[in-house]
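> Handing you this structure, nothing more for now.
The values are calculated or read from the model by the stated rules, or taken from the named source; none is laboratory data. This one's a predicted model, so the numbers in the text were calculated from it and none came from an experiment. As a convention, Cβ positions derive from the backbone with ideal geometry for all residues, glycine included, and neighbour counts pool all protein chains shown. Side chains are part of the model used for accessible areas, which takes the heavy atoms of the whole protein and leaves out ligands, DNA and RNA. Shrake-Rupley method; radii C 1.70, N 1.55, O 1.52, S 1.80 Å.
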Amino acid sequence: MAKEIDQLIQMFAKLPGLGSRSGRRIALHLMKHRETILEPLINRMQTVHDTLRNCKICHNLDSNDCCHICTNLDRDNHIICVVTDVADVWALERAHFFKGRYHVLGGVLSAIDGVTPDNLTLESLKNRLRATPCVTEIVLALPATLDGQITAQYVRRHLEGLNLYVSSLAQGVPMGGELDYLDDGTLHAAYNARQKLPD
């Protein structure tokens with residue numbers, strides 16, 4: 001096998017949910033369909049690479065400085081859903097029930113992984129809330145893991161003094177569950193049953 005093909009397979013194998021076997025199948029399929037799939041894929045990936053940026057307001061991914069959600073005038077400005085990752089925004093948007101705004105933290109606090117408050121967008125969130133007094137509720141849609149719970153408590157303390165109702169997702173989110181893997185009905189039930197975090 002050519003070195004270039006082997007390197008391509010290894011790159012595919014590093015993607016989430018894939019391994020070396022899946023990497024081989026994908027690489028072979030692309031090479032068999034160079035004109036109809038491979039070339040358009042290369043062009044599309046180059047376009048995404050050239051235009052992709054983080055929203056300067058919520059840290060979502062988009063092709064503009066302010067994402068399509070932040071610039072949508074029909075969204076509810078009174079509520080912000082704080083999530084770990086852009087995948088969580090996509091999961092909630094896919095479910096079509098949340099009509100507020102988002103804020104992407106960029107991870108959760110983790111002593112093992114060396115993730116500290118400085119690695120997250122907490123200051124950006126606090127500055128955003130100070131500049132947007134119409135916000136009345138923060139929904140913490142963080143993973144149902146120990147690190148997620150620790151992060152939720154840290155965020156709540158970080159926002160003290162801003163006179164906000166801080167809630168978190170409730171039933172339906174299993175311990176260790178990530179939003180991106182939950183079905184739409186479970187997400188909707190967890191959002192509707194959200195509870196105020198204790199002081």
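> Carbon and sulfur atoms: what percent of the 1.4 Å accessible area of region 96-141 do they account for?
Result for region 96-141: 54 percent of the exposed heavy-atom area is carbon or sulfur.
> Got a sec? What order do Ile138, Ile150 fall in by accessible area at 1.4 Å, biggest, i.e. largest, first?
Putting Ile138, Ile150 in descending order of accessible area: Ile150, Ile138.
> On the accessible surface of region 1-76, probed at 1.4 Å, how many percent belong to carbon and sulfur atoms?
55
> Tell me whether region 7-63 comes out rounded, prolate or oblate; compute the Cα gyration tensor, take square roots of the eigenvalues as a ≥ b ≥ c, and use a/c under 1.5 as the rounded threshold.
oblate
> Which FRET efficiency, nearest 0.05, do Asp76 and Ile5 yield, Cβ-Cβ r, R0 41 Å?
FRET efficiency, Asp76 to Ile5: 0.25.
> Same structure again: Just the accessible area per residue of region 105-164, please: how many Å² with a 1.4 Å probe?
Averaged over the residues of region 105-164, the accessible area is 51 Å².
> Rounded if a/c is under 1.5, else prolate if a/b beats b/c, else oblate: with a ≥ b ≥ c from the C-alpha gyration tensor eigenvalues square-rooted, which is region 15-159? Mind showing how you got there, number by number?
Details: a/c = 2.49, a/b = 1.64, b/c = 1.52.
The shape class here is prolate.
> Roughly how much of Glu4 is accessible, in Å² to the nearest 10, using a 1.4 Å probe?
120
> What accessible area per residue, rounded to a whole number of Å², is obtained for region 1-96 using a probe radius of 1.4 Å?
Value for region 1-96: 69 Å² per residue.
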